[in-house]
């Protein structure tokens, strides 16, 4: 059986999303597996950490070799508090949602496997460590970081551009009654990475605070103050960012 880790699961599920549309003209069949994948990660500190480390390294771009080496080491060291058996037990939780595992073809898997190798070797007993695997895997990860110049194609983590376009088109068909501003917002949310969503959130929050501050109506003063207070309390939360952006967008639309 293919060795399972977060990177393998991501590639497998991304492929299933695309395959589901090609065969059945729908992406709904994979929704349950994606939801199960996300819930499994949320309920596992080890898988959360692994997802974060894979994400860190996959997206990182450094041209200085010393800085890149230090970055890799710092990420891998985060697993020092866990044992290999604990990590393997969490990986086993991913197997049921992947069904019959097969060998996947994706250029990302080479880097993902190398990251996993570094993590596994770092938590082994010293007598069991494979220095050759460490050397080979470290070289792969280092080269990735030093040649990982950002491009517009790196916006999505789980689905490719073709699947994204399908999702947006189906969304627009289903919610055709929405106005152009609403459709534009939802399309932008779908296409944006987490940093872009954070910027959208902060911009909308600032816009709303400015609009509320410019309203001079004594009879609404209490409500305005309460709303401003709630807005000031709103903090960026990756788990609720989409809903928060929609809420702020709707509030702004009411005041314009």
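The values are calculated or read from the model by the stated rules, or taken from the named source; none is laboratory data. None of the values given here were measured: they were computed from a predicted structure. Counting neighbours? That spans all protein chains shown, and the Cβs are built from the backbone with ideal geometry, glycine included.
Tell me the residue from 78, 84 that is without any contact (Cβ under 8 Å) to a residue 40 or more places away in the chain and in contact with a helix residue (DSSP H, G or I) (Cβ under 8 Å, 6 or more places away or on another chain), please.
That would be 78, the only listed residue that is without any contact (Cβ under 8 Å) to a residue 40 or more places away in the chain and in contact with a helix residue (DSSP H, G or I) (Cβ under 8 Å, 6 or more places away or on another chain).
Restricting to the stretch 1-16, name every residue that is assigned to a loop (DSSP other than H, G, I, E, B) and either modelled with pLDDT under 65 or under 18 Å from residue 76 (Cβ atoms) (or both).
Hits for the stretch 1-16 are 1, 2, 3, 5.
Could you tell me whether residue 37 is at pLDDT 90 or above, assigned to a helix (DSSP H, G or I) and either out of contact with any helix residue (DSSP H, G or I) (no Cβ under 9 Å at 6 or more places or on another chain) or within 15 Å of residue 12 (Cβ to Cβ) (or both)?
No, not satisfied.
Can you pull out the residues in the stretch 40-63 that are without any contact (Cβ under 8 Å) to a residue 40 or more places away in the chain and more than 12 Å from the chain's Cα centre (by Cα)?
42, 43, 45, 49, listed by residue number.
Can you confirm whether the stretch 146-159 contains a residue that is at pLDDT 50 or above and in a helix (DSSP H, G or I)?
yes
Evaluate the stretch 17-25: report whether one residue or more is closer than 14 Å to residue 98 by Cβ and either part of a helix (DSSP H, G or I) or at pLDDT 55 or above (or both).
Checked the stretch 17-25: at least one residue is closer than 14 Å to residue 98 by Cβ and either part of a helix (DSSP H, G or I) or at pLDDT 55 or above (or both).
Being under 23 Å from residue 239 (Cβ atoms), outside the structural domain of residue 239 (by TED's automatic domain parsing), in contact with a helix residue (DSSP H, G or I) (Cβ under 8 Å, 6 or more places away or on another chain) and in a helix (DSSP H, G or I) narrows it down to one residue among 118, 109, 49; which is it?
Exactly one of 118, 109, 49 is under 23 Å from residue 239 (Cβ atoms), outside the structural domain of residue 239 (by TED's automatic domain parsing), in contact with a helix residue (DSSP H, G or I) (Cβ under 8 Å, 6 or more places away or on another chain) and in a helix (DSSP H, G or I), namely 49.
So that you can scan it fast, the table gives a plain yes or no per residue for (1) closer than 28 Å to residue 48 by Cα; (2) at pLDDT below 80:
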residue	(1), (2)
144	yes, no
172	no, yes
207	no, no
254	no, yes
